[in-house]
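Notes follow once the structure below has been shown.
The values are calculated or read from the model by the stated rules, or taken from the named source; none is laboratory data. Here the structure is a predicted model, which is why all the values come from computation and not from measurement. A quick note on method: Cβ atoms are made from the backbone with ideal geometry, for glycine too, and the neighbour counts reach across all protein chains shown. The protein model used for the area step is the full one, side chains on, heavy atoms only, and it has no ligands, DNA or RNA in it. Shrake-Rupley method; radii C 1.70, N 1.55, O 1.52, S 1.80 Å.
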Amino acid sequence: MLSFYLLVPLAPLAGAIVTGLFGKLLGRTWSHRITIALVAVSFFASLAIFDDVQDGHTFNGSVYTWLTSGDTSFQVGFLIDRLTVLMMLVVTFVSLMVHIYTIGYMKEDSGYQRFFSYISLFTFSMLMLVMANNFMQLFFGWEAVGLVSYLLIGFWYDRPTAIYANLKAFLVNRVGDFGFLLGIALVLMVFGTLQYDEVFAKAASHAKDLAPIPGMTVGLLTAICILLFIGAMGKSAQFPLHVWLPDSMEGPTPISALIHAATMVTAGIFMVARMSPLFELSDTALSFVMVIGAITALFMGFLGMIQNDIKRVIAYSTLSQLGYMTVALGASAYSAAIFHLMTHAFFKALLFLAAGSVIIAMHHDQDIRNMGGLRKYMPITWITFLVGSLALIGTPFFSGFYSKDSIIEAVEISNLPGAGFAYFAVVAGVFVTAFYTFRMYFLVFHGKERFGKAHHDHNGDHADEEVSADHHHGLAPGQKPHESPWVVTLPLILLAIPSVFIGYITIEPILFGNYFKEAIYISIEHPGMAELASEFQGPFAMVVHVVQEFPVWIALSGVVTAWFFYMKRPDIPAALQKRFHAIYTLLDNKYYFDRFNDWFFAGGARGASRFLWKFGDVKLIDGMMVNGTAKLVGLFSGVLRRLQSGYIYHYAFSMIIGVFVLLTVRNWLE
């Protein structure tokens, strides 16, 4: 099976190389045919590997030794188990749908071949990350997805806003990656190896050790786990390193779906689940993870309630749902986090791609206030968008219901410090999610038709598409929207199917059937998932049980509130905005995180650079060291020049003075 293992990441890589180097010669048609065919090969190879793993065949071995330094060997290797193959299937399937969708969405773009090359390279990078069996390869995949996301977010490199967004994403992720790299370095220093299995086998013996950090008394494994999680905070956009993700909307919609659904942002969730043998030995680290996730789940959801850009609403939804996954990790419900990762990948990719279909129909206008009544013009987009929305809010029998409710119940059972706040946050987030999701849905597909009229100011929200000086956003008066072509709607239909059924079908084996028995370790001191398993009576019985509890009714109240506010009494939101202007301003400015970062970090860096330039470079180096040395030499030379006059009596006088000084010194020493 090693050839199949290699085929999964190398097929997208081959597509990226061929299209990237020879795209102009191949043309548009053959560029997308080659990349789509090779991603399809990767997907079907992943299916074959999944079937093989289900039969009990796993793999953990080296493929290639990259470098040997002393006693340490840095290798490219694969760990193929049930956690890995689940991620492989999700990544390759969503990537395949995005590749097909891109044919229709990017058909007019001049960078068509380049875009296909980038998304194939992104797929390769993510696969190398999830298939790794050691920290070195994990870090390679980690940095590779960050690099390619930088290229994709700034795909339209002639737009200043896109360049700002990709630099922001790159720099914020470097902050998280610095902590991640320190964690890996600490692993190598303590364990002497970077292989997962060897580190996990030795972890328990270091449970009571202190970290070798001067001036700090913190547990070794706590330090390692928190440092690794800081990396996850960057990649998976957790508070306070979340600021890059909304601005990543500057990239084209297909890459928004790819980054926000199944790939880059879920890398941190996958990594923590893979590192469960380490995290289970530190309650402090688990509490830290849970609280950070709870803050992200609730407070990023609040921001989605006031957004008017359709893609930014979905982006803040992603932030909130990533918070749910992180809370599950902190509650030791790793399987619930991965289960929600899987279901979220399908319905969030569906929502982003459906939003892209709306954007096409609206001639690149993304402001939901300029839409309305699109249901009758775009029936396929409407029904698939509704499916994604129902899955997102946790409607019974939809995929998001099973994964989200499992997280809520696991957090309720947890007794770790911070679990009470986390439970409040995830329950309150149910209402918030339902409200902003159906606010968007009602404003886009129902109510009065508001297109073809004077447009609202976007208040700084950036359009999704490249805009020329004479490009008109939105439908002209008299124009009507229309349904997107089949290359756009087909992926919507294919993603809608698992968004409905995948939770019902897979909850029993994945969550309660020991699916991750060999891949994820849970301490007996954290029995939350075991308790949930003992109460589980099947997916239908779970619906009956949960409907009797308040989270479902909280979600329904969010939907009803959104309907009443925006369909029946649209004057109420405006009145509330005016009444609670201070809170609205706080949310509109995204808690001022961007301003603080611009002032403190960016401004501080500029101020430090200005000081180093004016004082360090101009005054100290140029003024004192370079020019000052030259002036000193010139001054000394001027004095010596006066002594070299050419007159004999000057030299005789100098000799007499010298003899006098020497005699004086000699007599003084005696």
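In the set Asp158, Asp197, only one residue is farther than 30 Å from Leu47 by Cβ, of a type outside the set (A, V, I, L, M) and touching a residue at least 12 places away in the same chain (Cβ under 8 Å); that residue is Asp158. Only a single criterion out of (1) under 28 Å from the mean Cα position of the chain (by Cα); (2) of a type outside the set (Val, Ile, Thr); (3) open to solvent by less than 80 Å² (accessible area, probe 1.4 Å) is not satisfied by Phe178, namely (3). Filtering the stretch 32-83 to residues that are among the polar types (S, T, N, Q) and either under 17 Å from Lys517 (Cβ atoms) or out of contact with any Gly (no Cβ under 6 Å at 6 or more places or on another chain) (or both) leaves Ser42, Ser46, Gln54, Thr58, Asn60, Thr65, Thr68, Ser69, Thr72, Ser73, Gln75. Among the residues of the stretch 45-101, the one identified as over 18 Å from Ile510 (Cβ atoms), in contact with an Asp or Glu (Cβ under 9 Å, 6 or more places away or on another chain) and among the polar types (S, T, N, Q) is Asn60.
For the stretch 7-43, a residue qualifies if it is over 25 Å from the mean Cα position of the chain (by Cα), over 21 Å from Leu152 (Cα atoms) and crowded, with 16+ Cβ neighbours inside 10 Å, and the qualifying residues are Leu7, Leu26, Val41. The single residue among Ala533, Ala519 that is over 30 Å from Gly372 (Cα atoms), within 33 Å of the chain's Cα centre (by Cα) and not in a helix (DSSP H, G or I) turns out to be Ala519. Is it true that some residue in the stretch 5-26 is of a type in the set (Val, Ile, Thr), touching a helix residue (DSSP H, G or I) at 6+ places or on another chain (Cβ under 9 Å) and farther than 17 Å from Phe116 by Cβ? For the stretch 5-26, residues of a type in the set (Val, Ile, Thr), touching a helix residue (DSSP H, G or I) at 6+ places or on another chain (Cβ under 9 Å) and farther than 17 Å from Phe116 by Cβ: present. Of the residues making up the stretch 289-310, just one is aromatic (Phe, Trp, Tyr) and either over 18 Å from the mean Cα position of the chain (by Cα) or closer than 9 Å to Thr326 by Cα (or both), namely Phe302. Scanning the stretch 607-634 for residues that are over 30 Å from Asn597 (Cβ atoms) and of a type in the set (S, T, N, Q) yields Asn627, Thr629.
Close contacts from the stretch 284-304, counting a first residue that is closer than 14 Å to Ile269 by Cβ and a second that is aromatic (Phe, Trp, Tyr) and assigned to a helix (DSSP H, G or I), with Cβ to Cβ under 8 Å and a gap of 6+ residues or different chains, come to Val289/Phe229; Val289/Phe279; Ile292/Phe229; Gly293/Tyr324; Ala297/Tyr324. Here is the figure for the stretch 364-395: residues that are closer than 18 Å to Phe435 by Cβ and hydroxyl-bearing (Ser, Thr, Tyr) total 2.
Residues that are small (Gly, Ala, Ser): which helices (runs of 4 or more DSSP H) entirely in the stretch 585-670 hold 1 or more of them?
On the way: elements: 593-596, 603-611, 627-643, 648-669.
By residue number, 603-611, 627-643, 648-669.
Being more than 12 Å from Val327 (Cα to Cα), touching a Lys or Arg at 6+ places or on another chain (Cβ under 8 Å) and either of a type outside the set (Lys, Arg) or open to solvent by 40 Å² or more (accessible area, probe 1.4 Å) (or both) is a property that holds for Leu392.
Count, please, the residues in the stretch 548-568 that happen to be within 18 Å of Gly394 (Cβ to Cβ) and either open to solvent by 50 Å² or more (accessible area, probe 1.4 Å) or among the hydroxyl-bearing types (Ser, Thr, Tyr) (or both).
Looking only at the stretch 548-568, we keep the residues that are within 18 Å of Gly394 (Cβ to Cβ), and these are 548-563.
Right, trim to either open to solvent by 50 Å² or more (accessible area, probe 1.4 Å) or among the hydroxyl-bearing types (Ser, Thr, Tyr) (or both) and you get 548-550, 553, 556-557, 560-561, 563.
Final tally of qualifying residues: 9.
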